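The values are calculated or read from the model by the stated rules, or taken from the named source; none is laboratory data. All values derive from a computational prediction rather than experimental measurement. For neighbour counting, all protein chains shown are included, and Cβ atoms are generated from backbone atoms with ideal geometry for every residue, glycine included.
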Amino acid sequence: MRRKLLNGKIMVVFAVLLVAFMSVGYTEEERTDASGQWRYYLDEGFATLKRSVEKPSGDLLIPDVLDGYAVGTIASAAFMNCGDVASVTLGNGVMHIGSSAFQGCGGLASVTIPDSVTIIGTKTFADCYNLTSIIIPYGVTLIGAEAFSCSGLISATIPASVTVIQRNAFDGCVELVLSVPEGSYAALYAKQNDIAHVLTSADSRGAEAGLTGAWRTAEDDEDFTTLILYPDDAFRLYRYHAQDEKTFTLEGVRIVQDGLIIVYDIRLGILDSDGAYTQTGEMGKSEYGFTLIQDGTPALRLTDDYGETVTLFPFDMDGPG
């Protein structure tokens, strides 16, 4: 009888462990590619490059494909502390560079990143003290925390597609000068973090600076924002708070200055649920960043002077204003 009870308990424990294993999912086994040079595993049909079979040196060329599978990710710590690597060229199609992928590569002096990359992870190039310059291609949207911390960067080009730069991304880069488009999130980031920067003209006097039209948040948002940019550079912003049943308004004149959309002579007010307007004050200047989202959708990302962002979509202006 005791043996039956013991066996029963063992089966219960086994079942619990099996369920736990199934709940975390199945991880594809690591494999070696046909050339015998790379270790990788599959993730949703893409190859994640885990490491090289032998510790690399010199010029490191990351392949586009492994055994017929497109390389989509460089795994976390894949080449960490490979101090003899002098240059890295990532294969076309890589979308994600994992955390600490090249951290501590002290000899690394050159990195080529393809347009396919969207995320540069945490500490990806940290402690690469010979890396003095980097061009981040259009398409990257996020630069992770400490991504280039304690590197040798003295110049970095950041495109308008970047909308998130996490904490201490360039910590310890005391001689760094960023090259950023006017009106972009990167320009706002550089100013707010007191990082030396120069403004590029490629994006500055383009669509962001000359935008006209109306945008608003998704219709199912309980609290919504409406932005109207007029041809004469007038600016109006409506922010509805459902809890108060009131719309807070800003209006003024916008110009581009130091990489930001500067709004002067702002008039602040409140529209109540009956449509009655009450002026509540005035401000001499405020700073907002407007960046078009280049993903095939004519959306607009608004960054306010508190650093908060909201995505707005175009609509036919039949509402307020």
Residues that are under 21 Å from GLY106 (Cβ atoms) and either modelled with pLDDT under 90 or not in a loop (DSSP other than H, G, I, E, B) (or both), drawn from the stretch 144-168
SER155, ALA156
Looking at ASP171, ASP203 in this structure, which one is at pLDDT below 90, surrounded by 15 or more Cβ atoms within 10 Å (Cβ to Cβ), under 18 Å from the mean Cα position of the chain (by Cα) and among the acidic types (Asp, Glu)?
ASP203
Flagged in the stretch 120-156 as surrounded by fewer than 18 Cβ atoms within 10 Å (Cβ to Cβ) and either under 20 Å from ASP171 (Cβ atoms) or outside the structural domain of SER76 (by TED's automatic domain parsing) (or both), in numbering order, are TYR129, ASN130, THR132, SER133, LEU142, ALA145, ILE154, SER155
So which residues in the stretch 113-137 are more than 19 Å from ALA186 (Cβ to Cβ) and under 17 Å from the mean Cα position of the chain (by Cα)?
PRO114, SER116, LYS123
Selection within the stretch 123-139 - outside any loop (DSSP other than H, G, I, E, B) and in contact with a Pro (Cβ under 7 Å, 6 or more places away or on another chain)
TYR138
